[in-house]
Amino acid sequence: MSKLELLRRTMPRTALLAGTAAVLVDPFTPGSIVTLLMFADLAYAAVVYGTPASARRIPVTTGLITIAVTIGFLAWLREPVALLIGVVTGLVSFGPAATGAIVRNHRDAADAARLRAEQTALLAEMDRTQAIAAERARMARELHDMVANHLSAIAIHSTAALSIDDEVTTKQALTVIRENSVEGLAEMRRLIGLLRDSSGDAEPAAAPTLEGLDALVEQARTNGAASGLTFMLDDDRDSGGRLAAPVELAAYRIVQESLTNAIKHAEPGEVLVEVSGTADGALTVAVSSPLGSRPGPRAPGSGAGLVGMAERVALLDGTFEAGPAPAPTGGPEKIWCVRAVLPVVDDEEPSA
């Protein structure tokens, strides 16, 4: 019997079957209480370390055996001592099996709780990673939209100043370079200040709105003068209400980036900015510019602007298109058109 204890963890069911046979033979030998104690330990181990099916069946089986032994000895002996035999049978079989079932259930519950904790930690880490990626993408869009137009104007006008040997042109180019560099530095300082301030006590910087489109187009006229471009704004919106801040910011940045791309790449001609509302409650922003190769200074592009515009529109569940299109007047000429449709929500102040 003692050798069976060596198999209680590795082969618990085999050890229990062999132990059961030893207990059945024990009454026909001098007997030993140690045999009963070892059998009780084997019953406990079979439930704790055995298969899930064994863990379910052994307590039920030992319970039925205890009941059957008690009833059988009562019917045979017809004396109260039969109850004592049933109690002993339950103590060495059903009791250890039931205790093993309780221990195993607690162990399984602890394993399940540990697994849930690991899954929760994994989900939290995934959420943190996604939040960091989303924040980095937002920062990249803001940095590009705030600084790229100024740097593009600086690159174009500095190239013009170096390539054209004219004092008036050079002075005008240096004036535009200084204005754009000062504005670009100011916007960089604001962005860096927001990134460094972790207290949350500072007032948030005012986000650009569609009311600033006139100033934005006027700035494009100044920056694009060396490129032979003219800029027009056609704003058909209802001036009576304000839109939600994310919608106005996205529309403003789309116009800003489209004007920057026109200054960098468009051939001489008219750049038209159209802003209008639609019947289904959406804001449409379209910027068209002449498509073709133009002489003179140009600034290189990386395509990040189009990606940023598409991301802004996607965050608002809108639609975005950018690419060549036929000219409105017909003919072989083509234009580069950027068009975004943004679902809008009125951002009106509640009346007092």
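State whether one or more residues within segment 88-104 are touching a residue at least 60 places away in the same chain (Cβ under 8 Å), surrounded by 11 or more Cβ atoms within 10 Å (Cβ to Cβ), assigned to a helix (DSSP H, G or I) and not assigned by the TED database to the domain that holds Leu259.
At the first step, the residues of segment 88-104 found to be touching a residue at least 60 places away in the same chain (Cβ under 8 Å) are 92.
Filter once more, so that each one left must be surrounded by 11 or more Cβ atoms within 10 Å (Cβ to Cβ): 92.
Filter again for assigned to a helix (DSSP H, G or I), leaving 92.
Add one more test, that the residue is not assigned by the TED database to the domain that holds Leu259, and what stays is 92.
So far as segment 88-104 goes, yes, one or more of its residues are touching a residue at least 60 places away in the same chain (Cβ under 8 Å), surrounded by 11 or more Cβ atoms within 10 Å (Cβ to Cβ), assigned to a helix (DSSP H, G or I) and not assigned by the TED database to the domain that holds Leu259.
Candidates Glu333, Glu321, Glu270, Glu274: the one that is over 36 Å from the mean Cα position of the chain (by Cα), open to solvent by 70 Å² or more (accessible area, probe 1.4 Å) and modelled with pLDDT of 85 or more is Glu270. For segment 188-213, the set of residues classified as modelled with pLDDT of 75 or more and more than 25 Å from Ala155 (Cβ to Cβ) consists of Thr209, Leu210, Glu211, listed by residue number.
Residue check: is Arg9 outside any loop (DSSP other than H, G, I, E, B), open to solvent by 70 Å² or more (accessible area, probe 1.4 Å), charged (D, E, K, R) and within 24 Å of Arg107 (Cβ to Cβ)? It is false that Arg9 is outside any loop (DSSP other than H, G, I, E, B), open to solvent by 70 Å² or more (accessible area, probe 1.4 Å), charged (D, E, K, R) and within 24 Å of Arg107 (Cβ to Cβ). Kindly indicate whether Leu24 is assigned by the TED database to the domain that holds Gly95, modelled with pLDDT of 80 or more and on the phi < 0 side of the Ramachandran plot. Against the criterion (assigned by the TED database to the domain that holds Gly95, modelled with pLDDT of 80 or more and on the phi < 0 side of the Ramachandran plot), Leu24 does not qualify.
Restricting to segment 157-187, and then to whatever is touching a helix residue (DSSP H, G or I) at 6+ places or on another chain (Cβ under 8 Å) and open to solvent by 60 Å² or more (accessible area, probe 1.4 Å), can you tell me which residue is modelled with the highest pLDDT? Step through it out loud before you land on a result.
Filtering segment 157-187 down to residues touching a helix residue (DSSP H, G or I) at 6+ places or on another chain (Cβ under 8 Å) leaves 157-158, 160-161, 164, 169-170, 172-174, 176-177, 179-181, 183-184, 187.
Within this subset, residues satisfying the condition of being open to solvent by 60 Å² or more (accessible area, probe 1.4 Å) are 164, 172, 174, 179, 183.
On the way: Ile164: 70, Gln172: 74, Leu174: 80, Glu179: 76, Glu183: 76.
Once the filter is applied, the top-ranked residue is Leu174.
Taken together, the criteria place Ala68 among residues that are small (Gly, Ala, Ser), open to solvent by 50 Å² or more (accessible area, probe 1.4 Å) and in the same structural domain as Gly95 (by the TED database).
Screening Arg253 with (1) touching a strand residue (DSSP E or B) at 6+ places or on another chain (Cβ under 6 Å); (2) closer than 17 Å to Asn223 by Cβ; (3) modelled with pLDDT of 85 or more gives one miss only, at (1). The condition (being part of a helix (DSSP H, G or I), outside the structural domain of Glu267 (by the TED database) and open to solvent by less than 60 Å² (accessible area, probe 1.4 Å)) is satisfied by just one residue among Ile132, Ile154: Ile154.
Each residue in segment 217-229 was checked for being open to solvent by 10 Å² or more (accessible area, probe 1.4 Å), of a type in the set (A, V, I, L, M, F, W, C) and at pLDDT 75 or above, and 1 pass. With respect to the conditions (1) surrounded by fewer than 18 Cβ atoms within 10 Å (Cβ to Cβ); (2) modelled with pLDDT under 85, Val60 falls short on a single one, namely (2).
Among the residues of segment 78-87, write down those that are open to solvent by 20 Å² or more (accessible area, probe 1.4 Å) and part of a helix (DSSP H, G or I).
Here is the first cut: in segment 78-87, the ones open to solvent by 20 Å² or more (accessible area, probe 1.4 Å) are 78-81, 83-85, 87.
Val81, Leu83, Leu84, Ile85, Val87, listed by residue number.
If the condition is being open to solvent by 60 Å² or more (accessible area, probe 1.4 Å) and without any contact (Cβ under 8 Å) to a residue 40 or more places away in the chain, then segment 135-150 contributes Glu135, Arg136, Arg138.
Identify, from the list Ala112, Ala75, Ala53, the residue that is at pLDDT 90 or above, in a helix (DSSP H, G or I) and surrounded by fewer than 12 Cβ atoms within 10 Å (Cβ to Cβ).
Numbers: Ala75 fails: at pLDDT 90 or above; Ala53 fails: at pLDDT 90 or above.
Among Ala112, Ala75, Ala53, only Ala112 is at pLDDT 90 or above, in a helix (DSSP H, G or I) and surrounded by fewer than 12 Cβ atoms within 10 Å (Cβ to Cβ).
The values are calculated or read from the model by the stated rules, or taken from the named source; none is laboratory data. The model shown is predicted, which means the values in this text are computed figures rather than measured ones. Methodologically, a virtual Cβ is constructed for each residue, glycine included, from the backbone with ideal geometry; neighbour enumeration extends over all protein chains shown. Accessible surface areas use protein heavy atoms only, side chains included; no ligands, DNA or RNA. Shrake-Rupley method; radii C 1.70, N 1.55, O 1.52, S 1.80 Å.
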